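To keep things clear, I will list the structure first and then write my remarks on it.
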Amino acid sequence: MIRRKRTLAILPLVAALLTPYGTAAANVDAENATQTTQEFAYYKKVNIVQVPGTVIDFDDGRILYYTGDRQSLYIMDRETGEIIPVVSQSHSIFQVSLTPDGVIFIAGRKLYEYKNGQLIDNNIRVIDLSELKVAGNYAAYRKDEGKYDDGPLILRDLITGTESVVIDSTSSYTYGKFDVSEDGTVAYYDGGISTYKDGIVTEIESDADVAEALSIQIDGSNITYYRSKANSDFKFVLHDGETLTELGDSAGRYNKGGEGRPYLSNDGWIVYPKYIDNLYYYMRSPDGEEKRIGNAIPDQEDSVTVRAVNAQGDLIFSKRGPLRYKMNFYTSEEAVLDGGGNIYQYMNNQWIGAEPGEFYEFHYTLDTTPPVTDVTFTPIGNPVTRLSAMFKVTDDYPADPLSGVSGLPKFHYRVNGGSWNIKYIDHYEPPRLTFSAEDTHTLEFRSVDLAGNVEKTWIADFDEGTFRQEP
C-alpha cells in the first residue's frame, strides 16, 4: 500500500535531491533492471519446532540443547516433543555430543555419560575442557593423571566402556590436535602425524618432517590437517589412506604460528583455504576437482564463512551479513536459506537446521514475487521548502532473522528522468530521500529482491500531482 500524507499537486517542489543517509551512485545494474520476475531457489523453514534453549546437536529422533549458562542439559524427542532432563549442575557443560545410546560431555573437567536414563560419572578427569572428540560409538580425550599437562591420549568404546591407550604420554603440543572416526581410528599429532587403529600405530609423517600441525580431522580414510616444516609456511595436507598431498598454501601466510582457518570435510568432500593471489576457500570433490567459493579472509568484499558440507556436493556458507546460502558443486547454483542457523546436518535426503530457540527442516521453493515498496511523504517547513520520503520495502521471503526486515539488497531511484541510482537497503535504517523546493518534477523508484525480482516502477509527478505504478 502507498501512503501520501499530503497531495503532491500542492507541493511545488524543485531541484536538488539530498541523500542524508548516504550518497547513491549511478549504476549500470539499475539502468538495465527489467520489471519482470525470475525463478529463484529458496529454502524455507518448515516443521519448525520451538526449543526452550540453545540446540547443540541432533539426530533422527533427538534434539540436544542446553539452557542458561550451559549448566542444564536436556533431550527433546523429535516425534513426541517429550523433554528429558539430562543434568543440571553448578559447572558449565562443555564439548557435548549425542551418542547412539545417550549423551557424553565434559563438566568441571570430568567426563560424564548419560545412558538409559542414568547419569554416569566414570570418575575420569580430562586435561582440558575442550578436548573431547566423538564419532559413532567412540570418544577420544587426554586423560588427567595428575601430571599437569601430561597424560595419555585415550580411545574409549562407548558401548563397552573399554579404554585403550593411544599414546601413553602427551604434552601441550598435542592439545586438541587429534580426532576420531566412526570405526575407532584415531589420528593425532605427537611431533609427527600418526594413526591408531586396533592397537596398531601407523606413521604418516615423521617428527623430522613436521615442525607444527594444526586442526587434524579424520573422515573415513581421509586425514586432513595444517602442517608446517622448518622455516616454512603452513600447507593444507590430505592423506587419503595411501598418498600424502599438499593441497596448497594455507592460513599460515596470514596467521603464522596460529590456528588454521576453519575447514570442512565429509565423505571425501573438502572445503579449505588456499592462497593463490589471495586467500580463498576452495571446494574439492572426492575425484580431486576443485572450485573456488570465496574469500577466506574475514570482512573483505567477497568473504565467506563455510558452515556445512554433505556427501552430495552441497555446501552451506554465509557471505558478509546474516544470510545463509546453499551451493551445489556440480551445478554452481546458489539458493538462499531461510533463518540464521548455526548448526546444519544433512539426513534422510534433507537439510536440517537449528538456531537458538528453533529446530527446523527446509522446504525447496521458488521466489517469483517482486517486492513491494511503501512510501510516506512528509512536507518540511512552513511554507513548505522540502519534502521527506521514507520508504519501507517488504518481500514474501524475509532473509534477515535478526531484524525482521526482508533481505532486499537494492532500492533504485531517479529524479527528473535522469540516471538510475542505487541505495543498498540497510537492515536497520530504511531508505530515505529529501527534496529541496526548486525544480524537481518527477521521482521514480522501485526495489529489487535477492531473487532479482524487480518491482514495477512507481512514478511521482510533482507537476501533475499524480502518483502511479507502471502497468
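The values are calculated or read from the model by the stated rules, or taken from the named source; none is laboratory data. Just so you know, these numbers come straight off a predicted model, no measurement behind them. Virtual Cβ from ideal backbone geometry, glycine too; neighbours counted across all protein chains shown. Note: areas computed on protein heavy atoms with side chains; ligands, DNA, RNA excluded. Shrake-Rupley method; radii C 1.70, N 1.55, O 1.52, S 1.80 Å.
Out of everything in segment 309-329 that is of a type in the set (Gly, Ala, Ser) and closer than 19 Å to residue 362 by Cα, what residue ends up being most open to solvent (accessible area, probe 1.4 Å)?
Per the criteria, the residue is 311.
For segment 352-367, state whether one or more residues are under 21 Å from the mean Cα position of the chain (by Cα) and of a type in the set (Val, Ile, Thr).
Yes: segment 352-367 contains one or more residues that are under 21 Å from the mean Cα position of the chain (by Cα) and of a type in the set (Val, Ile, Thr).
Checking the conditions here, which among 114, 138, 65, 74 is within 25 Å of residue 187 (Cα to Cα) and modelled with pLDDT of 90 or more?
One residue alone meets the criteria, 138.
Quick grid of which residues meet (1) surrounded by fewer than 16 Cβ atoms within 10 Å (Cβ to Cβ); (2) charged (D, E, K, R); (3) farther than 29 Å from residue 228 by Cβ:
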| residue | (1), (2), (3) |
| --- | --- |
| 122 | yes, no, yes |
| 133 | no, yes, no |
| 153 | no, no, no |
| 156 | no, yes, yes |
| 190 | no, yes, no |
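Using beta carbons and a limit of 6 Å, which pairs, at least six apart or on different chains, have the first residue in segment 129-142 and among the acidic types (Asp, Glu) and the second one not in a strand (DSSP E or B)?
From residues that are among the acidic types (Asp, Glu), the pairs are 131/176.
Just the residues that are over 31 Å from the mean Cα position of the chain (by Cα) and of a type in the set (Asp, Glu), please, taken from segment 123-172.
Those that are over 31 Å from the mean Cα position of the chain (by Cα) and of a type in the set (Asp, Glu): 144, 145, 149, 150, 157, 163, 168.
Inside segment 351-375, can you point out the residues that are of a type in the set (Ser, Thr, Tyr), touching a strand residue (DSSP E or B) at 6+ places or on another chain (Cβ under 8 Å) and surrounded by 14 or more Cβ atoms within 10 Å (Cβ to Cβ)? Before you say what the answer is, go through the steps one by one.
As a first pass, look at segment 351-375 and keep what is of a type in the set (Ser, Thr, Tyr): 360, 364-365, 368-369, 373.
Narrowing further to those that are touching a strand residue (DSSP E or B) at 6+ places or on another chain (Cβ under 8 Å): 360, 364-365, 373.
Listed by number, the residues that qualify are 360, 365, 373.
Among the strands (runs of 3 or more DSSP E) confined wholly to segment 424-471, which include 3 or more residues that are modelled with pLDDT under 85 and in contact with a helix residue (DSSP H, G or I) (Cβ under 8 Å, 6 or more places away or on another chain)?
Values: elements: 432-436, 442-448, 458-461, 466-469.
Ranges flagged: none.
Kindly indicate the residue of segment 295-308 that is crowded, with 20+ Cβ neighbours inside 10 Å and touching a residue at least 24 places away in the same chain (Cβ under 8 Å) and also nearest to residue 227 (Cα to Cα) among those meeting that condition. Even if it seems obvious, please write down each step before you answer.
From segment 295-308, those crowded, with 20+ Cβ neighbours inside 10 Å are 296, 304, 306-308; that's our starting set.
This time we only want the ones that are touching a residue at least 24 places away in the same chain (Cβ under 8 Å), so: 296, 306-308.
On the way: 296: 18, 306: 21, 307: 22, 308: 23 Å.
If we take residues in segment 295-308 being crowded, with 20+ Cβ neighbours inside 10 Å and touching a residue at least 24 places away in the same chain (Cβ under 8 Å), then 296 is nearest to residue 227 (Cα to Cα).
Checking residue 332 against (1) among the hydroxyl-bearing types (Ser, Thr, Tyr); (2) surrounded by 15 or more Cβ atoms within 10 Å (Cβ to Cβ); (3) under 24 Å from residue 352 (Cβ atoms), only one condition comes out false. Which one?
In the conditions (1) among the hydroxyl-bearing types (Ser, Thr, Tyr); (2) surrounded by 15 or more Cβ atoms within 10 Å (Cβ to Cβ); (3) under 24 Å from residue 352 (Cβ atoms), residue 332 misses (2) alone.
Filter segment 336-392 for residues that are among the acidic types (Asp, Glu) and over 24 Å from residue 313 (Cβ atoms); which is modelled with the highest pLDDT?
It comes out as 358.
When the residues of segment 68-117 are narrowed to those that are part of a loop (DSSP other than H, G, I, E, B) and among the acidic types (Asp, Glu), which ends up most open to solvent (accessible area, probe 1.4 Å)?
In this case the residue turns out to be 79.
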